[in-house]
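The structure appears right after this line, and notes come after that.
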Amino acid sequence: MSEQAKILEEMQQLVMQILKTGTATVEEGDRLDELEEQMLKQKCYRPTDAQNSENQGEEIAELFFNNDTTGAINKMIEYDITPEDFFGFAAYHFEDDPRVGMFTKSFIDNVNTTYKSRS
């Protein structure tokens, strides 16, 4: 499991705990802030020069959203971003964006297969 995946997992567990109790303690709030800070240091958040994208994860997502799967996988390989990290980033970063619905299990499996065969 990558560092990013571990961060996302801990964030999810913390949010679920907060939802159960209905309120966040100061410690839980501080930990969420720490985890979010760590997230922003992950590969998907590295800056990019691409138009319409602030970071590498957004750049890759835009390629997928525009049906350029090959280009997106090429960028993942170039930027050394694994499918696990990209799709974790997409679920977190684009959580309210309906376009992430295209990332079905079958789609992710196909990307994983292609990524592994090319890297």
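Of all the helices (runs of 4 or more DSSP H) wholly in segment 4-79, which have at least 1 residues that are among the hydrophobic types (A, V, I, L, M, F, W, C), more than 12 Å from the chain's Cα centre (by Cα) and in the same structural domain as residue 104 (by the TED database)? Write out each step before concluding.
Values: elements: 26-39, 56-65, 69-79.
Because the criterion is at least 1 residues that are among the hydrophobic types (A, V, I, L, M, F, W, C), more than 12 Å from the chain's Cα centre (by Cα) and in the same structural domain as residue 104 (by the TED database), the helices (runs of 4 or more DSSP H) in segment 4-79 that meet it are 56-65, 69-79.
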Out of segment 1-44, which residues are without any contact (Cβ under 8 Å) to a residue 12 or more places away in the chain, under 14 Å from residue 93 (Cα atoms) and either surrounded by 15 or more Cβ atoms within 10 Å (Cβ to Cβ) or touching a Ser or Thr at 6+ places or on another chain (Cβ under 9 Å) (or both)?
none
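Can you tell me which residue within segment 97-118, out of those that are polar (S, T, N, Q) and loosely packed, with under 11 Cβ neighbours inside 10 Å, is nearest to residue 73 (Cα to Cα)? Quick ask: steps written out before the conclusion?
Initial filter on segment 97-118 (polar (S, T, N, Q)): 104, 106, 110, 112-114, 117.
Filter again for loosely packed, with under 11 Cβ neighbours inside 10 Å, leaving 104, 106, 117.
Details: 104: 16, 106: 16, 117: 11 Å.
Among those residues, the one meeting the criterion is 117.
Can you tell which of 66, 74, 55 is open to solvent by 100 Å² or more (accessible area, probe 1.4 Å) and among the polar types (S, T, N, Q)?
Values: 74 fails: open to solvent by 100 Å² or more (accessible area, probe 1.4 Å); 55 fails: open to solvent by 100 Å² or more (accessible area, probe 1.4 Å).
Testing whether each residue is open to solvent by 100 Å² or more (accessible area, probe 1.4 Å) and among the polar types (S, T, N, Q) leaves just 66.
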The one condition in (1) at pLDDT below 95; (2) open to solvent by less than 60 Å² (accessible area, probe 1.4 Å) that residue 93 fails to fulfil:
(2)
Taking interchain pairs and intrachain pairs at least six residues apart, which have beta carbon atoms under 7 angstrom, with the first residue in segment 92-104 and closer than 25 Å to residue 35 by Cα and the second in a loop (DSSP other than H, G, I, E, B)?
100/94
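For residue 107, state whether it is part of a helix (DSSP H, G or I), free of Cβ contacts under 8 Å to residues at least 40 places away in the same chain, under 17 Å from residue 3 (Cα atoms) and of a type in the set (Phe, Trp, Tyr).
Working: part of a helix (DSSP H, G or I): yes; free of Cβ contacts under 8 Å to residues at least 40 places away in the same chain: yes; under 17 Å from residue 3 (Cα atoms): no; of a type in the set (Phe, Trp, Tyr): yes.
When the stated conditions are applied, residue 107 does not pass them.
The values are calculated or read from the model by the stated rules, or taken from the named source; none is laboratory data. Keep in mind that what you see is a predicted model, and the values were worked out from it rather than measured. Reconstructed Cβ throughout: ideal geometry from the backbone, glycine too, with neighbour counts over all protein chains shown. Side chains are part of the model used for accessible areas, which takes the heavy atoms of the whole protein and leaves out ligands, DNA and RNA. Shrake-Rupley method; radii C 1.70, N 1.55, O 1.52, S 1.80 Å.
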